[in-house]
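Presented below is the structure to which this report refers.
The values are calculated or read from the model by the stated rules, or taken from the named source; none is laboratory data. Predicted model only: the values in this text are computed from it and were never measured. Neighbour counts run over all protein chains shown; Cβ positions are idealised from the backbone, glycine included. The protein model used for the area step is the full one, side chains on, heavy atoms only, and it has no ligands, DNA or RNA in it. Shrake-Rupley method; radii C 1.70, N 1.55, O 1.52, S 1.80 Å.
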Amino acid sequence: MDWQGQKLAEQIMQIMLLVFAVTAFVAGYVLGSFQMMVLVYACGVTLTGLITIPNWPFFNRHPLSWLDPSEAEKHPKPQVTVSSKKKGSKK
C-alpha cells in the first residue's frame, strides 16, 4: 500500500465508522434496543475492516519508485553526530 493509499484507507475508515456509529445510535434509539445498536455498529466495524485492512488494488495507484542498490552505494550514508556537552547543574 502506498502513502496515498494509506491516507485514503484512513479517510474511508473514519467516514465509515462515523456513519455506522450515527446509524447504530439512531436505530437503537428508534427501536429502543441497545442490543440492536451494538449489532449495527459491530456490523459496521466488520465491514469497515473488510474494506480498509486488505491491500486492495485501488490503494496502490501511486507506486513508490525505490532507488536501485547500485545507485544507493554511490551516495554516502549521512553520519549522525552526537554532542557530548553536559549542562551544568544549578545550585
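Only residues that are surrounded by 13 or more Cβ atoms within 10 Å (Cβ to Cβ) and of a type outside the set (Gly, Ala, Ser) were counted in region 12-46, giving 14. Within region 51-82, being touching a helix residue (DSSP H, G or I) at 6+ places or on another chain (Cβ under 9 Å), in a helix (DSSP H, G or I) and open to solvent by 70 Å² or more (accessible area, probe 1.4 Å) holds for one residue alone: Phe58.
Which of the residues that make up region 26-50 are in a helix (DSSP H, G or I), more than 26 Å from Leu8 (Cα to Cα) and not hydroxyl-bearing (Ser, Thr, Tyr)? First the steps, then the outcome.
Filtering region 26-50 for residues in a helix (DSSP H, G or I) gives 26-31, 34-50.
Within this subset, residues satisfying the condition of being more than 26 Å from Leu8 (Cα to Cα) are 26-31, 34-39.
Matches in region 26-50: Val26, Ala27, Gly28, Val30, Leu31, Phe34, Gln35, Met36, Met37, Val38, Leu39.
Of all residues in region 51-76, those that are more than 22 Å from Gln14 (Cα to Cα) have Cβ atoms under 8 Å from Cβ atoms of residues that are assigned to a loop (DSSP other than H, G, I, E, B) and open to solvent by less than 80 Å² (accessible area, probe 1.4 Å), 6 or more apart or on another chain, in Pro63/Asp2; Leu64/Asp2.
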